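I have placed the structure first, in the form of structure tokens, so that the comments after it can refer back to it.
The values are calculated or read from the model by the stated rules, or taken from the named source; none is laboratory data. What you are looking at is a predicted structure, and each value in this text was computed from that prediction instead of being measured. Backbone-built Cβ (ideal geometry, glycine too); neighbour counts: all protein chains shown.
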Amino acid sequence: MPWKPILRQLWLPALVFAVLLVATAGSTSFYFPPLTDVLATLWRELLHGGLVSDLWFSLRNILLGLALATVVGTGAGLAIGEVRTLRLATGPLLDFARATPTVGFVPVIILTLGIGSGPKIFLIFLGSVWPILLNTISGVRAIGPAVYETSRGYRIPWPLRLRRVILPGALPQILAGIRVALSIAVVLMVVSEIYGSPVGLGNFILQSGSSFHVAETWAGTILIGIVGYGLSVLLLLVEHRLLGWYHERAPRVRSPRPVRAAPSEIEESNGVVV
Amino acid sequence: MTRGSSLYVEDLCMAFGQGPQEHRVLDGLSLRVDPGEAVCVVGPSGAGKTTLLRCLAGLARPTSGQVRYGELPLIEPHDDIAVVSQDYRGSLLPWMRVWDNVAFPLQGRGVKKAVRKSRALECLEAVGLQDVGDKYPWQLSGGMQQRVAIARGLAYDAPVLLMDEPFGSVDAQSRFDLEDLTLRLRRQLGITVVVVTHDIDEAVYLGDRVIVLGGRPTAVLETLTVPLGTDRDQLSTRADPRFAELRTRVLALIRGEKLPTGPEVAHQ
């Protein structure tokens, strides 16, 4: 068993947990109850309270919103990346959309679409589609000219080219886009439930907070963190499965061509605006 | 056992840009390659060799003049013509296994997977690569990757194989092996081979004819016939006085000099 690498990664989280546990033990502060109390509350709420239905509501919204954003963002991104006319026409619009914080749409969406599950999924979709779309476009653009020349020279029909050349070629950046989208989606999931919603994790922490159930508020907040972390771990697993070739390649061949837009740049520029 | 048709290049001109910025690369180039022939196009770098090859492959359209395959004007890539590019690293797809890369053009033709795979493995064996079908291209050395690219050209089963500086970025030893591989495949399969290169020795070693490009803009300076037969090997062929004579002549043509009278100078 490779214990060493696991230990090397886990010692700090374990230490932080232990410090928190010790530091808050026997705490009499109203706002910072002992961590054990918070965890016990979390457990109790999950087993007996309504927290499971809140969790399920939130999870369903974020997954549907992200799935929709992935399908639309990747599809449109492939088309825009491939077709010059589309790229030129959509350029200014995309820059505008990228620079507009999605949170600003919350009141409008609630006003026009109401407070059910639909508007929340739409909001999550709206916020997370941009990084996926923009990353897909730049992923397609970054595919080397030799690859295009080859598939043209061997007369690969376009549906096959799209499926086996363009999509896998852009996949590393598409997944980087989804990773950025995920963090935006978690924020929007919570925000959308804080504004006018009878259920969901956002509503749970809002309700507990405004009625001074401090342990419950902390428990809900921790649960949101766990949801976000769990989803990103899931995404990492998917990425590892899909991008084996990309990560295993020797470093000297990792960028055989000049990279036009480094994925990290895009991540940052999108990550800031929520 | 030759297949396919002749390639004709007639009065080919290629210019980039327009108006006063127009940069004329190729000017009034004409040549002909017959089925089963091995022709090397040699010229200094920047002479538009790759442009010429892209026109032959139907990947680029000439500004004027035309390229024909038999009677057919080549305005787009043709099923009978396979291209092996210099940039093997860029042209092999890193997300496909080696066999899949070789078989990919056949998938475009709708060939079933099992047939595709066995054909791919067959072609890999023909270029001396057994047991690497399930690896990824980036797990192989440069020379091996270029073999994979050649195998892909073979799997395409085209009578005409165009090669653009095919061995420019592999080590010297692999380069000799790949040159011999090209000669052998061409003998065995009766395919037409057009190799574009800046390496004069390679051009003389591989070609039945050597077409020397030069000048600005580029035109055909001369076409030389290589009287060395089809059975060549690295040691005796390169030691042949006729080989030395030819390479000296090509070098002189490219440099625009008269034939040297003193001891011959290495070209690199």
- Can you name the condition, by its number, that A:PRO159 falls short on among (1) of a type outside the set (D, E, K, R); (2) within 28 Å of the chain's Cα centre (by Cα); (3) not in a loop (DSSP other than H, G, I, E, B)? (2)
- Item | Residue that is surrounded by the fewest Cβ atoms within 10 Å (Cβ to Cβ), among those in region B:80-91 that are within 8 Å of another protein chain (Cβ to nearest Cβ) and assigned to a loop (DSSP other than H, G, I, E, B) | B:ASP87
- Item | In region A:98-135, the residues that are within 30 Å of A:TRP158 (Cβ to Cβ) and over 15 Å from the mean Cα position of the chain (by Cα) | A:ARG98
- Query: Residue check, A:ALA69 against (1) surrounded by fewer than 22 Cβ atoms within 10 Å (Cβ to Cβ); (2) modelled with pLDDT of 90 or more, all met but one. Which one?
  - Reply: (1)
- Query: Given the structure, is A:LEU93 farther than 20 Å from A:GLY169 by Cβ, modelled with pLDDT under 80, out of contact with any helix residue (DSSP H, G or I) (no Cβ under 8 Å at 6 or more places or on another chain) and in a helix (DSSP H, G or I)?
  - Reply: no
- Query: Residues that are buried (at least 18 other Cβ atoms within 10 Å of the Cβ) and at pLDDT 85 or above: which helices (runs of 4 or more DSSP H) entirely in region B:167-245 hold 2 or more of them?
  - Reply: B:172-189, B:200-206
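Here is a yes/no grid of residues against (1) touching a residue at least 24 places away in the same chain (Cβ under 8 Å); (2) farther than 18 Å from A:GLY114 by Cα:
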position: A:ILE194; (1), (2): no, no
position: A:GLY200; (1), (2): yes, no
position: A:ILE205; (1), (2): no, yes
position: A:ALA215; (1), (2): yes, yes
position: A:GLY220; (1), (2): yes, yes
position: A:ILE226; (1), (2): no, yes
position: A:SER232; (1), (2): yes, yes
- Query: Which of (1) under 19 Å from A:PRO145 (Cα atoms); (2) free of Cβ contacts under 8 Å to residues at least 40 places away in the same chain does B:PRO105 not meet, given it meets every other one?
  - Reply: (2)
- Filtering region B:68-79 down to residues that are surrounded by fewer than 19 Cβ atoms within 10 Å (Cβ to Cβ) and more than 10 Å from every other protein chain (Cβ to nearest Cβ) yields B:ARG68, B:GLY70, B:GLU71, B:LEU72, B:PRO73, B:ILE75
- Among the numbered criteria (1) under 16 Å from the mean Cα position of the chain (by Cα); (2) more than 18 Å from B:ARG209 (Cβ to Cβ); (3) within 14 Å of another protein chain (Cβ to nearest Cβ), which single criterion is violated by B:LEU56? (2)
- Residue list for region B:1-44, filter: within 15 Å of B:PRO217 (Cβ to Cβ), small (Gly, Ala, Ser) and in a loop (DSSP other than H, G, I, E, B): B:GLY17, B:GLY43
- Message: Considering only residues that are in contact (Cβ under 8 Å) with a residue 24 or more places away in the chain and closer than 30 Å to A:GLY169 by Cβ, which ones fall in region A:96-115?
- Response: A:ALA97, A:ARG98, A:ALA99, A:THR100, A:THR102
- Item | Near pairs, Cβ below 7 angstrom, 6+ apart or cross-chain, from region A:33-49 (part of a helix (DSSP H, G or I)) to any residue that is acidic (Asp, Glu) | A:THR41/A:GLU216; A:GLU45/A:GLU216
- Just one listed residue, out of B:ARG175, B:ARG89, is within 15 Å of the chain's Cα centre (by Cα) and of a type in the set (Lys, Arg), and it is B:ARG175
- Message: Condition first: within 14 Å of chain A (Cβ to nearest Cβ), among the polar types (S, T, N, Q) and either assigned to a helix (DSSP H, G or I) or in contact with a Lys or Arg (Cβ under 6 Å, 6 or more places away or on another chain) (or both). Can you find one or more residues in region B:105-126 that meet it?
- Response: yes
- Which residues, taken from region B:13-41, are over 27 Å from B:GLU71 (Cβ atoms) and among the charged types (D, E, K, R)? B:GLU22, B:ARG24
- Query: Hey, B:LYS112 hits all of (1) touching a Cys at 6+ places or on another chain (Cβ under 8 Å); (2) loosely packed, with under 15 Cβ neighbours inside 10 Å; (3) closer than 29 Å to B:ALA151 by Cβ but one; which does it fall short on?
  - Reply: (1)
- Only listed residue being more than 30 Å from A:LEU242 (Cβ to Cβ), crowded, with 17+ Cβ neighbours inside 10 Å and within 14 Å of another protein chain (Cβ to nearest Cβ), chosen from B:ASP157, B:ASP100: B:ASP157
- Which one is farthest from the chain's Cα centre (by Cα), of the residues in region A:42-97 that are within 30 Å of A:PRO198 (Cα to Cα) and of a type in the set (Asp, Glu)? A:GLU45
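Table: residues versus (1) surrounded by fewer than 16 Cβ atoms within 10 Å (Cβ to Cβ); (2) at positive phi; (3) small (Gly, Ala, Ser); (4) more than 14 Å from chain B (Cβ to nearest Cβ).
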position: A:ARG161; (1), (2), (3), (4): no, no, no, no
position: A:ILE178; (1), (2), (3), (4): no, no, no, yes
position: A:TYR195; (1), (2), (3), (4): no, no, no, yes
position: A:LEU201; (1), (2), (3), (4): no, no, no, yes
position: A:SER208; (1), (2), (3), (4): no, no, yes, yes
position: A:PHE212; (1), (2), (3), (4): yes, yes, no, yes
position: A:LEU235; (1), (2), (3), (4): no, no, no, yes
- Item | Lone unmet requirement of (1) assigned to a helix (DSSP H, G or I); (2) farther than 30 Å from B:LYS135 by Cβ; (3) at pLDDT below 80 for A:ARG252 | (2)
- What are the residues in region B:72-115 that are under 16 Å from B:MET163 (Cα atoms), among the aliphatic types (A, V, I, L, M) and touching a strand residue (DSSP E or B) at 6+ places or on another chain (Cβ under 6 Å), if any? B:ILE81, B:ALA82, B:VAL83, B:VAL84
- Query: Say we look at region A:163-176 and pick out the residues that are more than 8 Å from chain B (Cβ to nearest Cβ) and either touching a Pro at 6+ places or on another chain (Cβ under 8 Å) or more than 14 Å from A:PRO131 (Cβ to Cβ) (or both); which of these is surrounded by the most Cβ atoms within 10 Å (Cβ to Cβ)?
  - Reply: A:GLN173
- Query: Is there a residue being under 22 Å from A:GLU149 (Cα atoms) and either surrounded by 17 or more Cβ atoms within 10 Å (Cβ to Cβ) or at the interface with chain A (Cβ under 10 Å from one of its Cβ atoms) (or both) anywhere in region B:129-136?
  - Reply: yes
- Message: Restricting to region A:123-159, and then to whatever is aromatic (Phe, Trp, Tyr) and more than 23 Å from B:LEU93 (Cα to Cα), can you tell me which residue is farthest from the other protein chains (Cβ to nearest Cβ)?
- Response: A:PHE125
